[in-house]
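S.K.: Encoded as structure tokens, here's the structure I'll be asking about.
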Amino acid sequence: MQIMIDTREKKHAIKKIIKTFEQKKVQCIFSKLYVADYMNLDNPRLIVDRKQNLTELCSNVTQGHDRFKRELVRAQEIGIQLIILVEHGEGIESIEDVYFWKNPRKHEVQWKTVDGKRVKTVRSEKAVDGEQLYKSLCTMRDRYNIRFEFCTKEETGKRIIELLGGELVDE
């Protein structure tokens, strides 16, 4: 199996993924991809876009919405099945679990001193919560025919191989 990896993937962030690919006898080729991050050269119509956690995905869906939407539209226009693999970890195993996610930006309590008194505040009360993100992801899934998959950081390399249709070969 040969997997093309987008050159914009940060080298330090994918060390474990590359190590897994090497252990599973997957050849890595680095090149700029039109959309997403990982593509099996035997099936270029199926591509995986990796997100480091729900916070990154939430940021893409909200602050980076226009850029993210353009990528989804590009994939759809050329007939690519896009899978978004979120390395969130425990507690998030399906898109339905996102509904119950507590956004750390919305729920993180901070203490400030105002007029000499300590006051408890929330970092960002307007931040998107799990319910809002879940609804957005469902809309995107249905509108752009994308899949959302979830895993831990330790599983990412193996999941990419599986999602792209590769056989897992142990050394």
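The values are calculated or read from the model by the stated rules, or taken from the named source; none is laboratory data. Since this is a predicted model, take the numbers as computed values, not measurements. Please note: Cβ atoms are built from the backbone with ideal geometry, for glycine as well, and neighbour counts cover all protein chains shown.
S.K.: Quick check on this structure: which one of L54, L82 is at pLDDT 95 or above, of a type outside the set (D, E, K, R) and within 12 Å of the chain's Cα centre (by Cα)?
M.R.: Sole residue among the options that is at pLDDT 95 or above, of a type outside the set (D, E, K, R) and within 12 Å of the chain's Cα centre (by Cα): L82.
S.K.: Further, regarding this structure: So, of the residues in segment 60-99 that are surrounded by fewer than 16 Cβ atoms within 10 Å (Cβ to Cβ) and of a type in the set (S, T, Y), which turns out to be nearest to I17 (Cα to Cα)?
M.R.: S94
S.K.: Another question about this same structure. Which of (1) modelled with pLDDT of 95 or more; (2) farther than 27 Å from S31 by Cβ; (3) touching a strand residue (DSSP E or B) at 6+ places or on another chain (Cβ under 6 Å) does V48 not meet, given it meets every other one?
M.R.: (2)
S.K.: Can you tell me which residue is nearest to H88 (Cα to Cα) among those in segment 99-121 that are of a type in the set (A, V, I, L, M, F, W, C) and either at pLDDT below 70 or within 35 Å of the chain's Cα centre (by Cα) (or both)?
M.R.: Taking the candidates together, the pick is W101.
S.K.: For the subset of segment 1-51 comprising residues that are over 14 Å from the mean Cα position of the chain (by Cα) and aromatic (F, W, Y), which member is nearest to K153 (Cα to Cα)?
M.R.: Applying the filter and picking the extreme gives F21.
S.K.: Does I47 satisfy being closer than 24 Å to I92 by Cα and not basic (K, R)?
M.R.: yes
S.K.: Among (1) over 15 Å from the mean Cα position of the chain (by Cα); (2) at pLDDT below 90, where does E131 come up short?
M.R.: Of everything listed in (1) over 15 Å from the mean Cα position of the chain (by Cα); (2) at pLDDT below 90, E131 misses just condition (2).
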